[in-house]
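Each remark here refers to the structure printed beneath this line.
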Amino acid sequence: METNLTINGTKQRPDLDPRTTLLDALRHHLGLTGSKKGCDHGQCGACTVMVSQKNPVTNEVEHRSVNACLAPLCAMDGAHVLTVEGIVDPETKQPHPVQERIANFHGSQCGVCTPGIVMSMYTLLQNKPAPDLADIEDCFDGNLCRCTGYRPIIDAGKSFAVDKSKCPVPGAD
């Protein structure tokens, strides 16, 4: 089955079995290994990517965080999928501010969960460029971190919050 989609700005037409998951297509057929295969059951969030599609009713583009290990590739027809590799500045190769802040706040240890956490935060910022503290905490629902713990991850996320003065974050000034 052939699916038409865009991945990180490049049009793709993978001719794969319709049962292929988006994660397997990304990792094994397109060589995009940034999205991790943590649990393969949609419970850890390590495979999170952003999927942008037009809403058929409103005709507006909607951005969603999606567990790529659960998403059938055939459901991505017409979508734009953005992975953690796709948010790096293509010209300067500089990381996205979300990636920088996760690193600066020491929010990554083993790194398995980091791409999913970055993409959850990135998707929130696409939908709401001026998030508040509650938005930040909510965006990480479904992302598990077994090594680092959540304090540095939450602190990195809260550095984007418009109401961060309610809960001071070290280094967020």
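The values are calculated or read from the model by the stated rules, or taken from the named source; none is laboratory data. Every value quoted in this text rests on a predicted model; they were computed, and no experiment measured them. Please note: Cβ atoms are built from the backbone with ideal geometry, for glycine as well, and neighbour counts cover all protein chains shown. Ligands, DNA and RNA are stripped out before the accessible areas are found, and what is left, the full protein with its side chains, is counted by its heavy atoms. Shrake-Rupley method; radii C 1.70, N 1.55, O 1.52, S 1.80 Å.
Values computed for the structure shown
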read-out: Within segment 3-39, backbone nitrogen closer than 16 Å to the virtual label 7 Å beyond the Cα of residue 54 toward Cβ; value: 4-6
read-out: Accessible-area composition of segment 8-152, carbon plus sulfur, in percent [1.4 Å probe]; value: 49
read-out: Fraction of alpha-carbon pairs over 18 Å apart in segment 66-121 - percent; value: 41
read-out: Debye log10 I(q)/I(0) at q = 0.18, 0.19, 0.23, 0.30 Å⁻¹ for segment 38-86, Cα point scatterers; value: -0.58, -0.63, -0.85, -1.16
read-out: For segment 1-42, convex hull of alpha carbons as volume per residue, Å³; value: 75
read-out: Rg/Rg_globular for the chain, with Rg_globular taken as 2.2 N^0.38 Å and Rg from C-alpha atoms; value: 1.03
read-out: Whole-number percent relative contact order across the chain, with pairs defined as alpha carbons under 8 Å at least 6 apart; value: 23
read-out: Quarter of Cα convex hull surface for segment 1-98, i.e. mean projection, nm²; value: 6.9
read-out: Segment 43-93 versus segment 1-40: alpha-carbon centroid distance in Å; value: 11
read-out: Within the chain, longest stretch free of exposed GluC sites (Glu not before Pro) [DSSP loop, at most 16 other beta carbons within 10 Å]; value: 92-173
read-out: Given the chain, longest segment not containing exposed loop trypsin sites (Lys or Arg not before Pro) (DSSP; at most 12 other Cβ within 10 Å); value: 20-92
read-out: Linear extension gain, residue 93 paired with residue 15, 0.36 nm per residue minus alpha-carbon span; value: 25.1 nm
read-out: Separation of the residue 166 and residue 141 label points, Cα + 7 Å toward Cβ, nm; value: 1.7
read-out: Accessible area per residue, Å², segment 1-134 with all protein chains present, probe 1.4 Å; value: 51
